[in-house]
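Trainee: Quick one: this structure, given as C-alpha cells, is what I'll be asking you about.
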Amino acid sequence: MNFTDIEKKWQDIWEKEKRFEVNNYCDGKKNAYVLIEFPYPSGKGLHTGHVRSYSAMDAVARKKRLEGYNVLFPMGCDAFGLEAERTAIKEKKPPQEIVSRNIAIFKEQLKCVGLSIDWSRAINTCDPEYYKWTQWLFLQFYKHGLAEKRYANVNWCPNCGVLANEEVEDGKCCQCHAEVEQKPKSQWILKITKYAERLNDDLDQTEYMEHIKLGQKHWIGKSEGVQVKFKLVQGGEFEIYTTCIETIYGITFMVLAPEHPLIKQNKDKIKNWIEVENYIKQASKKSEFERAELTKTKTGCKVEGLTCINPVNGKEVPIFIGDFVLVNYGTGAVMAVPSHDQRDFEYAVAHNIPMIQVIEGKDVSKEAFEKKDYLGKGCKLINSEEFSGLTVEEAKVAITKKLVDMGVAKKQVNFRMQDWVFSRQRYWGEPIPMINCPKCGWVPVPEKDLPVKLPEVESYEPTKDGESPLSLISDWVNVKCPCCGSDAKRETDTMPGWAGSSWYFMRYCDPHNDKEFASYDALKAWLPVGLYNGGNEHTNRHLLYARFWNKFLYDIGLSPVNEPFKSRVSQGIVLGANGVKMSKSLGNVVDPRDVIKEYGADSLRIWESFMGDYFSDVNWSDEGVKSANKFISRVVSIKDLLVDGDEISKELSYILNATIKKVSEDIDKIKFNTAISQLMICVNEIYKNKKINKAEYKTLLTLLNPFAPHITEELWVECGYGKDITNATWPVCDESKLIKEEVEIAVQVNSKIVARINIDPTLNQEDILTFVINNENIKNILIEKQIIKEIYVPGRIVNFIVK
RNA sequence: GCUGGUGUGGCGGAAUGGCAGACGCACAGGACUUAAAAUCCUGAGGUGGCAACACCGUGUGGGUUCGACUCCCACCACCAGCACCA
C-alpha cells in the first residue's frame, strides 16, 4: 500500500470513529486546550505556511493526548472582512457564496494534512448562529456603558466614500487615486481604554513569549507623567501632559493641537487669525499618511496675541499650533523644550525660537540632549533656580511636589492606546444591533430578536454618501422602536473584522449552545487556553481585543478567567523558495495538496517541522520534502530489523531514553526541528545496531506519531501493537539509562585543547582531576609547569591554567 | 525616525558561558546493479601540508572571563511592524 492509500485510510477511520471529538469533561483526565488562530478564508487558499503552524499545534495536541489529556483542538473560519467583500463586488456574487466556496477549499486542504481537529466544533463567524452571539456581546458592552456613539475620523475619498487604511496608498485612494481627507463621522466605539491599566499590568500573569508581551505593552503605551495647568495671560487656562517635568525651566514655547478648543475660543484675541485659520484648515486636510510622514519638517504656526505663564518661574511663553500635536492624545497640548527634545529642537530652529539648556552633560547647539540619553546617568540640572544641582531623578520628584503644592499640577498616568472605533460603513460584517428612535434615542435590539441578519442586497459597494450599503435597504432599515413603537431606523454600520475573532475561542468550548454565547461551565472546563499560536501580525491588536473582551466578560461574571490565554507563541513565516512572501501574483505559492500528492502528508509535516526554528522565517524548499520522505522510508524499513523482545535492550537503551527525553522536552518547547533531528539520530543508531525489538520499535513509533500520524498508526497495527494508536502511552525517560560509564572529554591547558581522554563521569571532580593529571600524555605536557588553577566542567572539559 | 527581530560552511540550520558547524540538503568516493534510479556505507568549515599537524574561522570593532556564537558597549547590514505619543 502506498502512502496516499494509507493516509486516506486513516483519515477516513478518524472521521468515522470521531476519534478527535472531545467532551467537556472526561473521567479521570485533565483537560488541555491547544488553540491556533482560525484562518481567514481568502481566495488564495492555504499554503504550506499555514500547514506548518497547524501541524505544529497538531503535534502538541497529539502528544498531549498520548500523555493522557482530554484535548480540545478546534478549528473554524474568520469569515467577515474586506477581502470577501471585494471579491464579491468583483465577481458580482454574494459574499456568502464566495466565503462558502473558499471554506470548502480550506476544509479539503486541512483534511488531507491529517490534523486531529474536532470538526464537530467548527465555527464560522459569518454564520447567523454565531454572529447572533457577537451581537449579543456587543449589547452587553452597550448595557455596561462601554459602547457609545462618538465622532471619529474616517478616510474620505470624494469619489469612493469611506476607505479602510489599507485602501489608502500614499494619501490617495487606491481605486480612483483621488486625494483622501479625514472626515469626522459619528461611529460606535468600544471603550477599551477603561481596561488599559489591567491589559498592561495583567500581562505579568501570562506566559507569553517576551517579545509578544513587549508588543502589547508598547501598543498600550503606559506612561507616567505630570499634568500641569498653564494660565493664559489673556485669561483662561489649559493643561499639558509631560513625562519630563524636570525640563520645565527649559520651556521656550508651547504647542497646541490645531483642533484644540482654546484656539477657537480665543479667536477675537488672536491677531493673526487668518493665518491660524488657514493652518487649521490645512491640517484637517492631511491624510493619516501625511500626518505619519516621517521625513517631513515639523510644520506649525505662531498664535500671535496668546501667551501663557510658566508656573514655576512666572515667565511668559509664546504659543504655537502644530499638527504633530494630536488632540486626542494626552491633553492635546505640549510644553516644548528644544534643548531636550529633538522634535522641539527642530521646531525651534525652524521658527527661530530661543533655547534654554537645563540639564548638563552635552552640547545642545547642534541637537537636543534627550531623556533617553540623560536618564539614569546621574546628570544634573542647571538654569533651574532652587532645583539646579539636583540630579534628574531627584528633580522629577522635587519639581512635581512644588507644582502639586502650588495646586497647578497632578501626577497622571497616560496611555497611548485609544478607544476602539467599532463601526464600519460596509456590508460584509455583523450588523450592529441598535435602533435609533427619534423619541428614545439609541435603543438596543431586544435580545429575543437577535440575530439581526444581514439582508440580501443587490450591490455590496460602499455608498458615495459614506453610509453603509445597508442604508439603501429601506424595508430593513425602517423598524418600530422596541421601546415606544414609533417609527425608527436601524443602525446601518457593521462591526469590524476583529469582532468575531475576539471571542471565538470561547465559542469552541460550547459551539452549539443556543441559549448562551457559551455556558460558564463549558468555559470553566477549558479556559484559560493552554497554548495559543498565531501570526506575528496579530500579536498586537487581535490579542489585545480578545483579552479585552474576556476581561469584560470576567467582570460581569460570564468568563471564569481574568486572562484567557496562558501562553502565546507566534510562528515564523514560510517564505517562497525565492525568499519572498508567498503570494499569488508572484507565483511562488505552494499548495499543500500538491506536495501531499507527491510525497504524502507525513513527509510534508516532518519537513515543515524540521526545516528550521519554528519561530523564525524560513524559505520553502522542495528538496527538503524529499529528505523527510526518505526519513519516513527509513523508519518503515526498520521493520526488517525487528526481533522479539518486550523490554528495551541494553544496546539501545541509551539512545532511546535520550530520544524520549529530547523529543518530549522539544515538543513542549516547540523546538520541532531538533526533535526531528534527534529522531533521525535515533534511527541512524538503530541501523548501526542492525536489529531492534518490538518494544523498542513501539517506543520509536509513539515518539514519531505526533509528527507523522498516518504511517506510525499503520505500522502500529501492522506490528500488532493494537487496533489503533489510541492505546499508546507517551514513553517516560529512564534517567538512570542516560548515565554513561565512559565519556570523552577535552583537556585544555590555558584554554587550548591539548588532548582528549576518556573518563568515568560518575567520579567526583577531585578524582577526575587526579585521573587526568596522572595520564601519561597529560603528565608530559604539564611537566615543569606550575598549575595555578584547575577547572572541570562535568562531562565536557578539564582546563589547567599554568604558569 | 521608533519598536521588535535576524546575521554561523555551498545551502537549511544545531550549540544551560565549556571540544563551533549536531541533524539534513547538495557534493565526492565506495558497495549493490549489465546500467541507471533507489538503497546502504564512508568523507568533507577554510588555507597550507603526502601526513602528523599548524594557522584562521559564528556581520565589524572593543570589553568582561581561565574560556564568548552565547554576556556588556559601540557600529554595520538585512527583515518585519508602526500611531510624530509629549
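The values are calculated or read from the model by the stated rules, or taken from the named source; none is laboratory data. These numbers were taken from a predicted model, which means no experiment stands behind them. Reconstructed Cβ throughout: ideal geometry from the backbone, glycine too, with neighbour counts over all protein chains shown. SASA here: full protein model, heavy atoms, side chains in, ligands and nucleic acids out. Shrake-Rupley method; radii C 1.70, N 1.55, O 1.52, S 1.80 Å.
Trainee: Taking square-rooted eigenvalues a ≥ b ≥ c of the alpha carbon gyration tensor, is segment A:444-598 rounded, prolate or oblate, where a/c under 1.5 means rounded and, failing that, a/b exceeding b/c means prolate? Walk me through the intermediate numbers first.
Mentor: Details: a/c = 2.48, a/b = 1.29, b/c = 1.92.
Oblate, since a/c reaches 1.5 and b/c is not below a/b.
Trainee: On a 0 to 90 degree scale, rounded to 10, what angle separates helix A:48-66 from the longest Cα axis of chain A?
Mentor: Taking Cα atoms only, the helix is inclined about 60 degrees.
Trainee: Quick one: Cα centre-to-centre distance for segment A:583-661 and segment A:258-287, in angstrom?
Mentor: One Cα centre to the other: 66 Å.
Trainee: Between segment A:192-247 and segment A:3-23, how far is it from one alpha carbon centroid to the other, in angstrom?
Mentor: After rounding, the separation between the Cα centres reads 52 Å.
Trainee: Per the helix-only calculation at 222 nm, which mean residue ellipticity applies to chain A, given -39500 (n - 2.57) for every DSSP H run of n ≥ 4 and division by its residues, nearest 500 deg cm²/dmol?
Mentor: Details: 27 runs with 288 residues, N = 803.
After summing the helix terms and dividing by residue count, I get -11000 deg cm²/dmol.
Trainee: Report, ordered by chain and residue number, the lysines lying within cross-link reach of A:Lys143, taken as a straight Cα distance under 16 Å and ignoring same-chain residues fewer than 8 apart.
Mentor: Partners within reach: A:Lys191, A:Lys194, A:Lys448, A:Lys551.
Trainee: Please state the shape class of segment A:214-337: rounded when a/c is under 1.5, otherwise prolate if a/b exceeds b/c and oblate if not, all from the C-alpha gyration tensor.
Mentor: Numbers: a/c = 1.99, a/b = 1.10, b/c = 1.80.
Judged from the Cα gyration tensor, segment A:214-337 comes out oblate (a/c at least 1.5, b/c at or above a/b).
Trainee: Quick one: net charge of A:Asp475's neighbours, Cβ under 15 Å, K/R +1, D/E -1?
Mentor: Details: positive: A:Lys453, A:Lys480, A:Lys489, A:Arg490; negative: A:Glu456, A:Glu458, A:Asp487.
Charge balance in the 15 Å sphere: +1.
Trainee: Oh, and also: Mind checking which aspartates and glutamates have their Cα closer than 15 Å to the Cα of A:Lys222? Skip sequence neighbours fewer than 8 apart in that chain.
Mentor: Hits, sequence-local ones excluded: A:Glu197, A:Asp201, A:Asp202, A:Asp204, A:Asp419.
Trainee: Whole-Å semi-axes of segment A:320-385's equivalent ellipsoid, largest first, each the root of 5 times a Cα gyration tensor eigenvalue? If you can, show how the numbers build up before the last one.
Mentor: Numbers: eigenvalues 100, 43, 22 Å².
The three semi-axes for segment A:320-385 are 22, 15, 11 Å.
Trainee: Another one. Pop the C-beta distance of A:Ser486 and A:Lys222 into the FRET formula with R0 = 60 Å and round what comes out to the nearest 0.05.
Mentor: On the way: r = 46 Å, r/R0 = 0.76.
Step by step, r from the Cβ atoms, then E = 0.85.
Trainee: Nearest 20 debye, what's the magnitude of the dipole of segment A:518-636 about its Cα centre given +1 on Lys and Arg Cβ and -1 on Asp and Glu Cβ? Show your work: numbers first, answer last.
Mentor: Values: 14 positive and 13 negative charges, 31 e Å.
Magnitude of the dipole: close to 140 debye.
Trainee: Right, here's the next one. Put A:Cys112, A:Cys483, A:Cys440 in order of accessible area, largest first, 1.4 Å probe: what do you get?
Mentor: Details: A:Cys112 30, A:Cys483 95, A:Cys440 55 Å².
Solvent-accessible surface, decreasing: A:Cys483, A:Cys440, A:Cys112.
Trainee: A further question follows. Mean separation of Cα pairs under 8 Å and 6+ residues apart, divided by the residue count of chain A: what relative contact order is that in percent?
Mentor: Working: 1434 pairs, mean separation 112.4, N = 803.
Relative contact order of chain A: 14 percent.
Trainee: For a quick check of your reading of the filter: which GluC sites (Glu not before Pro) in segment A:126-177 sit in a DSSP loop and have no more than 16 other Cβ atoms within 10 Å? Numbers along the way, then the final one.
Mentor: Values: sites: A:Glu129, A:Glu148, A:Glu166, A:Glu167, A:Glu169; in loops: none.
Taking segment A:126-177 and a limit of 16 other Cβ atoms within 10 Å, no loop GluC sites (Glu not before Pro) are found.
Trainee: Any idea what diffusion coefficient segment A:288-437 gets from Stokes-Einstein, in µm²/s, Kirkwood Rh on alpha carbon pairs, 25 °C, 0.890 mPa s? Show your work: numbers first, answer last.
Mentor: Details: Rh = 18.8 Å.
Reported coefficient: 131 µm²/s.
Trainee: Name the shape class, rounded, prolate or oblate, that the alpha-carbon gyration tensor gives for chain A, where a ≥ b ≥ c are the square roots of its eigenvalues, rounded holds for a/c under 1.5, and otherwise prolate holds if a/b is larger than b/c and oblate otherwise. Before the final figure, lay out the partial values.
Mentor: Numbers: a/c = 2.47, a/b = 1.34, b/c = 1.85.
Taking the square roots of the gyration eigenvalues as a ≥ b ≥ c, chain A is oblate.
Trainee: Of the cross-linked pairs A:Lys229/A:Lys269; A:Lys185/A:Lys480; A:Lys626/A:Lys723; A:Lys183/A:Lys281, which ones have a Cα-Cα span greater than 22 Å in the structure shown? Provide the component values of the computation, followed by the final result.
Mentor: Working: A:Lys229/A:Lys269 20 Å; A:Lys185/A:Lys480 25 Å; A:Lys626/A:Lys723 30 Å; A:Lys183/A:Lys281 12 Å.
Checking Cα-Cα distances, A:Lys185/A:Lys480; A:Lys626/A:Lys723 exceed 22 Å.
Trainee: Okay, moving on. Could you work out the relative contact order of segment A:429-574? I mean the mean sequence separation of Cα pairs under 8 Å and 6+ apart, divided by the number of residues, in percent. Intermediate values should be presented prior to the final figure.
Mentor: On the way: 205 pairs, mean separation 29.7, N = 146.
Value for segment A:429-574: 20 percent.
Trainee: Can you return the aspartates and glutamates within cross-link range of A:Lys372? Criterion is Cα-Cα under 12 Å, with same-chain partners fewer than 8 residues away left out.
Mentor: Reachable aspartates and glutamates: A:Asp341.
Trainee: Using alpha carbons only, how many angstrom separate the centre of segment A:426-493 from the centre of segment A:326-358?
Mentor: First find each Cα centre; the distance between them is then 47 Å.
Trainee: What FRET efficiency, computed as 1/(1 + (r/R0)^6) with R0 = 60 Å and r the Cβ-Cβ distance, is obtained for A:Glu179 and A:Asp201, rounded to the nearest 0.05? Please report the intermediate quantities before stating the final value.
Mentor: Working: r = 43 Å, r/R0 = 0.71.
The formula returns an efficiency of 0.90 here.
Trainee: Still on this structure, please answer the following. Of all accessible surface on segment A:11-160 at a 1.4 Å probe, what whole percent is carbon and sulfur?
Mentor: Roughly 51 percent, rounded to a whole number.
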